[in-house]
Amino acid sequence: MTRQLRVAVVGAGPAGIYASDILTKAELPEPFDSVSIDIIDRDPTPFGLIRYGVAPDHPRIKEIIKALHRVMGHEDINFLGNIEYGADLKLEDLQQFYDAVVFATGARRDRALTIPGIDLEGSFGGADFVAWYDGHPDVSREWDFAPHAESVAVLGVGNVGLDVARVLAKTADELLVTEIPDNVHAGLSRNVTKDVHVFARRGPAQVKFTPMELRELSHSPTIDVIVHPEGFELDEGSMDAIRASKSQKLVVDVLQNYLAKEPTGAPHRIHIHFCQNPVEVLGEDGKVVGLRTEVTELDGTGNARGTGEHIDWPVQAVYRAIGYYSDTLSGLPFDQVHGVVPNDGGRVLEVDGSPLPGAYVTGWIKRGPVGLIGHTKSDAAETIRLLMEDVDQLVAPSEPTHQAFLDHLDSLGVEYTTWAGWEQLNEHERSLGEAHDLERERVKVVAREDMVSISRSR
Ligand code: NAP
């Protein structure tokens with residue numbers, strides 16, 4: 001007798017959607033005649049970090065949503081949001097309904113930075129700031145822009161550091177044309193930042209920026225980008241890095257252009273400093289009043305060592321953008337050092353190194369929080385290839401239907417959202433945008449209960 005292959009994908013970001021797409025195209029051996037995929041997410045909406053991680057002034061990246069929309073519309077794929085794996089459901093619950101579970105839960109939290117003063121008032125995680133300006137339902141509606149914080153430090157020279165620096169330096173009205181919710185526009189209007197100091201602990205050839213994002217930094221008429229010459233070192237290791245990567249060479253070229261440019265006198269400035277390792281956030285009365293860095297020098301291998309010389313920078317807020325970190329997942333082992341679920345090509349591995357039957361990972365939870373959105377495609381291809389290799393040995397679920405799973409959610413009282421519900425919310429957000437004086441493409445709804453009730457109406 002033939003039957004459906006039932007797969008749960010936990011996480012409706014690009015990683016989970018790409019994995020689902022590949023799965024719908026996989027050749028199924030007997031006894032499977034078709035595949036049925038339920039993509040589960042704790043957000044009431046699909047698209048993960050595209051909705052809640054991409055900066056609002058990057059609509060080009062959000063275009064990816066159009067392609068992901070097409071995948072989610074596939075008849076073999078169901079979206080189920082507002083379900084929290086670990087709280088509402090555990091692995092053994094999912095195993096009742098699915099042959100296999102693919103975890104694509106990504107990374108949302110800030111990687112910890114253990115330097116003195118990091119917990120002072122005015123010291124923030126970049127990921128938290130991103131979640132706030134992108135209107136994530138689970139973060140506070142208010143952002144604590146101190147009324148005196150005219151100078152701000154951003155730690156880390158990756159694209160998140162650039163996003164954070166740019167949003168801090170732009171005016172609220174420049175961002176009003178985007179999809180930012182009203183509370184974010186109101187919050188940004190209270191931001192008095194004039195100087196954003198971005199710190200790299202190594203040199204210009206070691207930054208993680210990508211060329212286009214770095215170039216775009218100067219497109220705002222209200223921002224001057226100032227690259228400081230101190231620490232702008234290109235040693236032999238740097239020359240090797242430039243020769244090895246066209247993208248890295250372009251990044252260094254853009255930095256050199258900024259270095260040579262005279263400031264225009266714009267009201268806001270983004271300063272980029274090299275070879276400055278943050279060692280302490282300085283405080284007074286529990287609040288940030290500065291950042292202490294140790295000057296570093298390149299060691300010829302691409303790394304940097306401390307020189308023992310320190311500089312204190314008078315800043316009133318510090319944002320660390322030193323990388324994301326994944327949440328642990330109930331029932332799965334976790335590698336604390338790398339912040340991933342231990343796996344072999346996507347097959348989850350138990351502590352003793354043996355595969356955990358029927359459990360797979362893909363995306364940032366598999367390989368760590370690096371790489372652009374498109375990189376998760378090859379990741380997903382590898383994971384699904386291994387799932388298909390194992391398909392004969394998967395343990396058949398006792399209740400192998402979509403309806404049985406929905407009934408289970410109802411019995412738990414989980415107010416899940418669906419793809420049809422997302423289409424309603426999508427339409428609603430677009431109508432809010434259209435009704436706005438500036439005819440914006442969309443205005444995001446923020447409160448979880450509002451998102452759920454709009455999605456579940458009708
Ligand atoms: P990232 O690219 O890994 O950058 C992290 C930065 O933090 C690096 O410069 C790193 O320096 C620095 N850092 C780490 N530990 C530090 C410490 N203890 N002290 C000082 N600096 C420290 O991470 P990300 O910016 O979170 O981005 C994650 C991924 O998302 C990346 O692939 C990124 O391109 C992508 N993304 C893309 C966009 C876009 O617009 N295209 C936007 C956002 C994110 P070292 O190199 O010295 O460790």
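The values are calculated or read from the model by the stated rules, or taken from the named source; none is laboratory data. Just so it is clear, the model here is predicted, and its values are computed rather than measured. Every residue, glycine among them, receives a Cβ derived from its backbone with ideal geometry; neighbour counts consider all protein chains shown. With ligands, DNA and RNA removed, areas are computed over all heavy atoms of the protein, side chains included. Shrake-Rupley method; radii C 1.70, N 1.55, O 1.52, S 1.80 Å.
To check you understand DSSP bridge types, tell me what percent of the beta bridges within the chain (both residues inside) are antiparallel, rounded to 5. Just about 35 percent of them are antiparallel.
Sequence-distant contacts, meaning Cα pairs under 8 Å at least 6 residues apart, place the relative contact order of the stretch 110-323 at 31 percent.
The modelled label-to-label distance for the pair Gln403/Arg141, using points 7 Å beyond Cα in the direction of Cβ, is 4.1 nm. Under a model in which nothing but the beta-carbon of Lys, Arg (+1) and Asp, Glu (-1) is charged, the chain shows a dipole of about 920 debye around its Cα centre.
Split the accessible area of the chain by element, probe 1.4 Å, and carbon with sulfur accounts for 51%. Extension gain for the segment Asp335 to Ile311, taken as residue separation times 0.36 nm less the Cα-Cα distance, is 5.1 nm to one decimal. For the chain, the number of Lys pairs with C-alpha atoms closer than 23 Å, counting only pairs eight or more positions apart or on separate chains, is 25. For Arg109, the residues whose amide H sits under 5 Å from its own are Tyr325, Asp327, ignoring neighbours fewer than 5 places away on the same chain, with H placed 1.01 Å from N. Relative contact order for the stretch 206-299: 33 percent, from Cα pairs under 8 Å spaced at least 6 residues apart, divided by residue count. Net charge of the neighbourhood of Pro314, taken over other residues with C-beta under 15 Å away and scored Lys/Arg +1, Asp/Glu -1, is -1. For the stretch 293-308, putting each phi into the Karplus relation 6.51 cos²θ - 1.76 cosθ + 1.60 with θ = phi - 60° gives couplings of 10, 9, 5, 10, 9, 5, 9, x, 10, x, 9, 10, 10, x, 9, x Hz, in residue order, rounded to whole numbers and with x for Gly and Pro.
With contacts taken as Cα pairs under 8 Å and at least 6 residues apart, the chain reaches a relative contact order of 21 percent. Taking the Cβ-Cβ separation of Ala420 and Thr301 as r and a Förster radius of 51 Å, what is the calculated FRET efficiency to the nearest 0.05? Once the sixth-power term is evaluated, E becomes 0.40. For a test of the definition: using alpha carbon positions, the gyration tensor, and the 1.5 limit on a/c, classify the chain as rounded, prolate or oblate. Prolate is the answer for the chain, as a/c is 1.5 or above and a/b outweighs b/c. Here's how it looks for Phe32: its modeled amide H is under 5 Å from those of Arg3, which are all 5 or more places away or on a different chain. Couplings for the stretch 58-68, taken from phi via the Karplus curve 6.51 cos²θ - 1.76 cosθ + 1.60 with θ = phi - 60°, read 10, x, 4, 5, 5, 4, 4, 4, 4, 5, 5 Hz in order; Gly and Pro are left as x. Taken along the Cα-to-beta-carbon direction at a fixed 7 Å, the label points for Lys90 and Asp253 span 5.6 nm. The Cα center of the stretch 1-41 and the Cα center of the stretch 63-131 differ in position by 18 Å.
If you take the Cα centroid of the stretch 427-457 and the Cα centroid of the stretch 177-224, the two points sit 26 Å apart.
The alpha carbon gyration tensor of the stretch 1-109 gives principal lengths a ≥ b ≥ c with a/c of 1.5 or higher and a/b no greater than b/c, which makes the shape oblate. Distances between placed amide hydrogens fall under 5 Å for Val279 paired with Arg292, Thr293, Glu294, all partners being 5 or more residues away or on another chain.
Rolling a 1.4 Å probe across the protein heavy atoms gives the stretch 255-301 an accessible surface of 47 Å² per residue. A Förster radius of 25 Å, combined with the Cβ-Cβ distance separating His74 from Arg458, puts the computed FRET efficiency at roughly 0.65. For Leu155, what is the net charge nearby, where nearby means another residue's Cβ is under 10 Å from its Cβ and Lys, Arg count +1, Asp, Glu -1? Here the charged neighbours net out to +2. Within the shell defined by Cβ-Cβ distances under 10 Å, the residues around Ala100 carry a net charge of -1, with Lys and Arg each +1 and Asp and Glu each -1.
Here the 3J(HN,Hα) profile of the stretch 250-258, calculated from phi with Karplus coefficients 6.51, -1.76 and 1.60 at θ = phi - 60°, is 4, 4, 5, 4, 5, 4, 5, 4, 4 Hz, Gly and Pro shown as x. Projecting the Cα atoms of Ala244, Asn426, Thr193 onto the charge dipole of the chain (Cβ charges, centred on the Cα centre) puts Ala244 farthest toward the positive pole.
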